[in-house]
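The values are calculated or read from the model by the stated rules, or taken from the named source; none is laboratory data. The structure presented is a predicted model; accordingly, all values stated were derived computationally and were not measured. Note that we place each Cβ from the backbone using ideal geometry, even for glycine, and neighbour counts take in every protein chain shown. We work out accessible area using only protein heavy atoms, side chains counted, and drop any ligands, DNA or RNA first. Shrake-Rupley method; radii C 1.70, N 1.55, O 1.52, S 1.80 Å.
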4 protein chains.
Amino acid sequence: MDLEQRIRDSFDRQSLMATLEARLTAIAPGAVEITAPILPGVRQQQGHAHAALSFALGDTAAGYAALTVLPEDMEVVTSEIKIHLLAPGRGEQVLARGRVVRPGRRLVIVTADVFALREGQEHHIALLTGTMVPVPASG
Amino acid sequence: MDLEQRIRDSFDRQSLMATLEARLTAIAPGAVEITAPILPGVRQQQGHAHAALSFALGDTAAGYAALTVLPEDMEVVTSEIKIHLLAPGRGEQVLARGRVVRPGRRLVIVTADVFALREGQEHHIALLTGTMVPVPASG
Amino acid sequence: MDLEQRIRDSFDRQSLMATLEARLTAIAPGAVEITAPILPGVRQQQGHAHAALSFALGDTAAGYAALTVLPEDMEVVTSEIKIHLLAPGRGEQVLARGRVVRPGRRLVIVTADVFALREGQEHHIALLTGTMVPVPASG
Amino acid sequence: MDLEQRIRDSFDRQSLMATLEARLTAIAPGAVEITAPILPGVRQQQGHAHAALSFALGDTAAGYAALTVLPEDMEVVTSEIKIHLLAPGRGEQVLARGRVVRPGRRLVIVTADVFALREGQEHHIALLTGTMVPVPASG
């Protein structure tokens, strides 16, 4: 099974991604992009996208970016992530671009940049750095 | 308006908390607890609670813990958070306990511990440390 | 060779610890303490202990705390650490207490609390959380 | 007093930078570079540069990068930093490039990349992200 299909299959098993109406919008070696609308049900108290939406998309995009550099029989789990919230999540959509900084057999170091799409323009709203751990694929 | 009511009002404006069916289960000076079920729609590809659920509850519990040490006319926004995922989020519910480590006028340093409730027992699944920024309450 | 001796031998090979005049002041399963004076040559521009001193002691104490939970033929390397600087490093000495949060064969999650000793009292000046990676001992 | 002179004056007051024989090797708006030799006295137990050296240079480069975007009467203190150690610090020198990601009146979000110079080539050994807090300059 090719890499893109493996990622799409795994993504489809993440029920949170369906709840968020998130879509895989780009897959390349070492880089994955995920896009989701800012739904009425994902907001914080000021009406903007909740930090957890940026986290969910950034974590997932970074995790799948890590998967692109691993052997076919592996998947990844997140060990740790730091997220900086740079600006309020105002707009119509949120878009996360995950990227591998340092591949490795035991650990994959990743980053993700998250953008709010507002009136056709990207606004940088979050920056993530994290550690993904390769584990044998189940099933 | 008393502190608990202010926190409950703000919490009720966070539509993500309603989507996650999260509830404020304890409020004390410097410490707030939030509990949510592991709904079918908040899972990762292995069927456990998504890291973003632990993040959402931990971030929110820590943010409201910070609010308890601020003057009445302030609210907080998250500047940055690091989350360590310690164990899979398996169980019926997830519970986050936020706590203030260092109050401040400009910054409030916070932590949160996140637990999965499984067969009546708490399992430590995540540890967060972060920075909350006090801002004047809107509206 | 017993655990304490292994840690002391490794510590003695860290030339930075000698430069900082740091000493191992407590070793217990899952917990290690390191103490160093705030020397004239380890300061930042305001004359207080540089953040890098708190980092050096906290990282090293946390790393050796991790070592206490590993088999004898392993050592650890730091993968990532986050440090919160809570207060200025003013006083005569700095003391770091490292602790294991989650042991593991592949990763050990650790924390450290750093204190300035000033007129006989401990002041909490830094909080670290990090990831240590066990590797086979060289030599 | 011009910006470069202010940064050089502050740098010269940091006794740790002298201890490490560190030098300011580039200053531009939003970006500062610091270089230091891997002295015999800054090593970890395997003989490579200690993580604290990468931290010290990365933190300081990022802090001065932040200073370049602030008014003249301000200085900065580090609130928090996360460092990923990507590869062993082997070589003759270590070089840190700090950069501003998001300027702000209350907080400045920064990153730094740290490289080991080995046989004339740069090797990426560490990645930092952090939060700098502007404070009124003393004195």
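Residue by residue through the range C:21-36, what is 3J(HN,Hα) from phi via Karplus (6.51 cos²θ - 1.76 cosθ + 1.60, θ = phi - 60°)? Round to whole Hz and write x for glycine and proline.
6, 7, 10, 6, 10, 6, 9, 9, x, x, 8, 9, 10, 10, 10, 8
Starting from the Cα of B:Arg8, step 7 Å along the direction of its Cβ; do the same at A:Asp73; then give the gap between the two resulting points in nm.
5.6
Kindly work out what percent of the DSSP beta bridges joining two residues of the range B:3-136 are antiparallel, to the nearest 5. Mind dumping the intermediate values first?
Working: 45 of 45 bridges.
Bridges in the range B:3-136 are about 100 percent antiparallel.
So what's the gap between the Cα centers of the range C:24-45 and the range D:1-62, to the nearest angstrom?
Using only Cα atoms to place each centre, the spacing works out to 21 Å.
Note the distances from A:Glu72 to each other copy's matching label point, with points 7 Å along the Cα-to-beta-carbon direction, in nm, sorted shortest first.
For A:Glu72, the other copies' label points sit at 4.4, 6.6, 6.6 nm, shortest first.
For every helix of n ≥ 4 consecutive DSSP H residues, a contribution of -39,500 (n - 2.57) applies; sum these over chain B, divide by its total residues, and give [θ] at 222 nm rounded to the nearest 500 deg cm²/dmol.
On the way: 3 runs with 33 residues, N = 139.
-7000 deg cm²/dmol, from helical runs alone.
With a 1.4 Å probe and all protein chains kept in place, how much accessible area does A:Ser138 have, in Å² rounded to the nearest 10?
Counting only protein heavy atoms, the figure is 80 Å².
If I fit a long axis through the Cα atoms of helix D:3-13 and take the longest principal axis of the Cα atoms of chain D, what angle between them do I get, 0 to 90°, rounded to 10?
The helix D:3-13 is inclined about 60 degrees to chain D.
C:Glu80's amide H: which non-local residues (gap 5+, or another chain) put their own amide H closer than 5 Å, with H modeled 1.01 Å from N in plane and none for Pro or chain starts?
Counting only residues 5 or more places away or on other chains, the set is C:Thr131, D:Leu85.
In percent, how large is the relative contact order of chain A, given Cα pairs closer than 8 Å and 6 or more residues apart? Intermediate results must be reported in sequence, preceding the final value.
Numbers: 319 pairs, mean separation 33.1, N = 139.
RCO, chain A: 24 percent.
Please report, in debye to the nearest 20, how large the charge dipole of the range A:1-90 is about its Cα centre when each Lys and Arg carries +1 at its beta carbon and each Asp and Glu carries -1 there.
Working: 7 positive and 11 negative charges, 109 e Å.
So the dipole magnitude of the range A:1-90 works out to roughly 520 debye.
For the range C:3-136, what is the accessible area per residue in Å² when the probe is 1.4 Å?
Numbers: 4810 Å² over 134 residues.
Each residue of the range C:3-136 exposes 36 Å² on average to a 1.4 Å probe.
Residue by residue through the range D:98-107, what is 3J(HN,Hα) from phi via Karplus (6.51 cos²θ - 1.76 cosθ + 1.60, θ = phi - 60°)? Round to whole Hz and write x for glycine and proline.
x, 8, 8, 8, 8, x, x, 6, 9, 9
To test your reading of the geometry: what angle, between 0 and 90 degrees and rounded to tens, separates the Cα axis of helix A:51-67 from the longest principal axis of chain A?
Around 20 degrees separate the two axes.
Among the trypsin sites (Lys or Arg not before Pro) in the range D:38-128, which ones are in a DSSP loop with at most 10 other Cβ atoms within 10 Å of the Cβ? Mind listing them? Provide the component values of the computation, followed by the final result.
Numbers: sites: D:Arg43, D:Lys82, D:Arg90, D:Arg97, D:Arg99, D:Arg105, D:Arg106, D:Arg118; in loops: D:Arg90, D:Arg105, D:Arg106.
Sites meeting the loop and neighbour criteria: D:Arg105.
Under the Karplus relation 6.51 cos²θ - 1.76 cosθ + 1.60, θ = phi - 60°, what is the ordered set of whole-Hz ³J(HN,Hα) values for the range D:37-44, x standing for Gly and Pro?
In residue order, the calculated couplings are x, 8, 5, x, x, 10, 10, 9 Hz.
State log₁₀ I(q)/I(0) for chain C at q = 0.10, 0.11, 0.14, 0.19 Å⁻¹ as given by the Debye formula over alpha-carbon point scatterers of equal weight, solvent excluded.
With no solvent term, the Cα-only Debye profile gives -0.30, -0.36, -0.58, -1.03.
With the full set of protein chains in place, find how many percent of the accessible area of the range A:11-139 is carbon and sulfur; take the probe as 1.4 Å. Working shown, then result.
Values: 2430 of 4680 Å².
Of the solvent-accessible surface of the range A:11-139, carbon and sulfur hold 52 percent.
Note every residue of the range A:70-90 with a reduction of at least 40 square angstrom in accessible area, all protein chains present versus the isolated chain, computed with a 1.4 Å probe, or write none.
Buried on complex formation: A:Ser79, A:Glu80, A:Lys82, A:Ile83, A:His84, A:Leu85, A:Leu86.
For D:Gly30, place a label point 7 Å out from Cα along the Cα→Cβ vector, do the same in each other copy, and report the separations in nm, one decimal, smallest first.
Reported distances to equivalent positions: 2.4, 4.0, 4.7 nm.
In angstroms, what radius of gyration and Dmax does the protein assembly as shown have, counting Cα atoms only?
22.5, 66
Between chains B and A, what is the buried accessible area in Å², counting both sides, with a 1.4 Å probe and ligands, DNA and RNA left out, to the nearest 100?
On the way: alone 7400 and 7400 Å², together 12190 Å².
Using a 1.4 Å probe on protein heavy atoms, the buried area is about 2600 Å².
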